[in-house]
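Take a look at the structure set out below.
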Amino acid sequence: MDIYNSWDEYSYNHFLSEDNLVLERKLNDNCEQSGDLENFWSKHRFAKKYKDVDKNTKALNTLTTSKISILDSDFNNFAKKISENYLKNCALSLSIEKEKICYNFDLEKFLIKEKEKIQKIQYESIIKNFFPYKKVCFFIVHYIQYFKKEIGKNNFDRKKLNEIIDKIKVANNHLDEITSKFKSNLNWCKNHFYYSYQLPFEECIKTHDIGEQELNIFVPSTFSLPLNYLDLLKEVEAFESNYLSNTNDIDNFSNFSILFNRLDIKLTDQEKEIKEQSKKSIELLSVFTAILALIFGGVSTLTTNTTFEEKFLTFISLFIVLFSFITLIKTFISKKKNFIEVLVLFFIYIVCLILIIGVLSITIKQKLL
């Protein structure tokens, strides 16, 4: 019937206007023609414009049906609750879309705030709308995808990897929770034959001319297309599958982190072992050098035309010098003491060496006398 053409056309254009420039222009023209017209239909039209075309959160928050004068009846009161629920959910949806995800984004704080908004809207309208939970699910999915891409960049340390895994794990738990609420509210809407927007009684009447008579036809919310619950249930299943997929990915990321930790520990142990081997090599080389020096020095001393006591004094002095040399090398490469402490010890060694040689010299000379 011709009387439904305007509703049919509006319903069709409602889902296409943000992707079609011609329909978008038509929507803008219709809003300009409506002006300040206070009825439910015009509010729905402006909600579409502000949310999907203009992306204007501030203007969207000003939309309300509370000032529209309608008959006081159960049907109209219910229509007002449904329509107010729709308008507020549009504003909530747009605010979620505008949230920017980054590494330091506080998901816990965001979800607490959004849950409070949803509960307030649903408490005031007594409508368990599934739509806001659907929007939050999409947001969490995008949040998890962001951090999966961060892992793919492979430009972070072990600590950051564990932080990202924890963020994904927390977000995935929230996805499971919100998906359950989405599914529960979707079933509620299906069981209550829910329409997303409800016109009041006055706007549900269309006049049809039959000859010279006018026939008023009442059809509730004919302009609002019924919800496709089969497609919506498929979206729920997609979120549930996403949750399971994320759970498997988290396990894989955790295994990778454990492997990364073990490899890091193994490399650290190998580095320590190499350092210890280097220290031992230097110590052995210094001991070997000292022994050779002692041997050649002893041979050289024995071939000289000096007394036995002088040869013994020279040999003892050489032994003390080489022993001090080995001790200094061991102290220096151990890195247990800093460079200044090593210099102090070296000075002490020199002083002790001089004292020992001096005492030995004096003792030998006294015996010779």
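The values are calculated or read from the model by the stated rules, or taken from the named source; none is laboratory data. Just so you know, these numbers come straight off a predicted model, no measurement behind them. We place every Cβ from the backbone using ideal geometry, glycine too, and count neighbours over all the protein chains shown. Quick note on the areas: whole protein, heavy atoms, side chains included, nothing else; ligands and nucleic acids left out. Shrake-Rupley method; radii C 1.70, N 1.55, O 1.52, S 1.80 Å.
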State all residues of the range 79-124 that are touching a helix residue (DSSP H, G or I) at 6+ places or on another chain (Cβ under 7 Å) and closer than 21 Å to SER180 by Cβ; if no residue qualifies, say none.
ASN85, ASN89, LEU92, SER93, ILE96, LEU107, LEU111, GLU114, LYS117, ILE118, ILE121
Residues in the range 182-205: is at least one in contact (Cβ under 8 Å) with a residue 60 or more places away in the chain, more than 30 Å from GLU38 (Cα to Cα) and either open to solvent by less than 10 Å² (accessible area, probe 1.4 Å) or not in a helix (DSSP H, G or I) (or both)?
no
Please work out which one of (1) open to solvent by 10 Å² or more (accessible area, probe 1.4 Å); (2) in contact with a helix residue (DSSP H, G or I) (Cβ under 7 Å, 6 or more places away or on another chain); (3) modelled with pLDDT of 90 or more is the condition ILE151 fails and give its number.
(3)
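Let's see how each residue does on (1) closer than 30 Å to TYR197 by Cβ; (2) without any contact (Cβ under 8 Å) to a residue 12 or more places away in the chain; (3) under 15 Å from the mean Cα position of the chain (by Cα); (4) part of a helix (DSSP H, G or I):
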{"residue": "TYR123", "(1), (2), (3), (4)": "yes, yes, no, yes"}
{"residue": "ILE127", "(1), (2), (3), (4)": "yes, no, no, no"}
{"residue": "TYR133", "(1), (2), (3), (4)": "yes, no, no, yes"}
{"residue": "HIS142", "(1), (2), (3), (4)": "yes, no, yes, yes"}
{"residue": "LYS148", "(1), (2), (3), (4)": "no, no, yes, yes"}
{"residue": "ASN172", "(1), (2), (3), (4)": "no, no, yes, yes"}
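Here's the yes/no breakdown for (1) on the phi < 0 side of the Ramachandran plot; (2) open to solvent by 30 Å² or more (accessible area, probe 1.4 Å); (3) of a type in the set (D, E, K, R); (4) at pLDDT below 90:
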position: SER42; (1), (2), (3), (4): yes, no, no, yes
position: LYS51; (1), (2), (3), (4): yes, no, yes, yes
position: THR65; (1), (2), (3), (4): yes, no, no, yes
position: ILE68; (1), (2), (3), (4): yes, no, no, yes
position: LEU92; (1), (2), (3), (4): yes, no, no, no
position: CYS102; (1), (2), (3), (4): yes, yes, no, no
position: PRO132; (1), (2), (3), (4): yes, no, no, no
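Would you call ILE82 surrounded by 19 or more Cβ atoms within 10 Å (Cβ to Cβ), among the aliphatic types (A, V, I, L, M) and within 30 Å of ILE205 (Cα to Cα)?
Details: surrounded by 19 or more Cβ atoms within 10 Å (Cβ to Cβ): yes; among the aliphatic types (A, V, I, L, M): yes; within 30 Å of ILE205 (Cα to Cα): yes.
Taking the combined requirement at face value, the residue satisfies it.
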Quick check: is even one residue across the range 212-222 outside any helix (DSSP H, G or I) and under 36 Å from the mean Cα position of the chain (by Cα)?
no
Looking at the range 231-254, I want the residues that are over 10 Å from ASN172 (Cα atoms) and assigned to a helix (DSSP H, G or I) and have a partner that is open to solvent by 70 Å² or more (accessible area, probe 1.4 Å) and at pLDDT 95 or above with Cβ atoms under 6 Å, at least 6 apart or on another chain. Which pairs are those?
VAL236/LYS183
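Before we move on, is GLU177 free of Cβ contacts under 8 Å to residues at least 12 places away in the same chain, within 30 Å of ILE101 (Cβ to Cβ) and either open to solvent by less than 60 Å² (accessible area, probe 1.4 Å) or assigned to a helix (DSSP H, G or I) (or both)? So that I can check it myself, show each step before the final result.
On the way: free of Cβ contacts under 8 Å to residues at least 12 places away in the same chain: yes; within 30 Å of ILE101 (Cβ to Cβ): yes; either open to solvent by less than 60 Å² (accessible area, probe 1.4 Å) or assigned to a helix (DSSP H, G or I) (or both): yes.
When the stated conditions are applied, GLU177 passes them.
Hey, could you check the range 52-81 for residues that are part of a helix (DSSP H, G or I) and of a type in the set (Lys, Arg) and say which is farthest from SER196 (Cα to Cα)? So that I can check it myself, show each step before the final result.
Of the residues in the range 52-81, the ones part of a helix (DSSP H, G or I) are 52-54, 57-61, 74-81.
Those left that are additionally of a type in the set (Lys, Arg): 58, 80-81.
Working: LYS58: 22, LYS80: 12, LYS81: 11 Å.
The qualifying residue farthest from SER196 (Cα to Cα) is LYS58.
Suppose the filter is at pLDDT 85 or above and under 27 Å from PHE78 (Cα atoms); does LYS181 pass it? Give the steps one after another, and end with the answer.
Numbers: at pLDDT 85 or above: yes; under 27 Å from PHE78 (Cα atoms): yes.
Taking the combined requirement at face value, the residue satisfies it.
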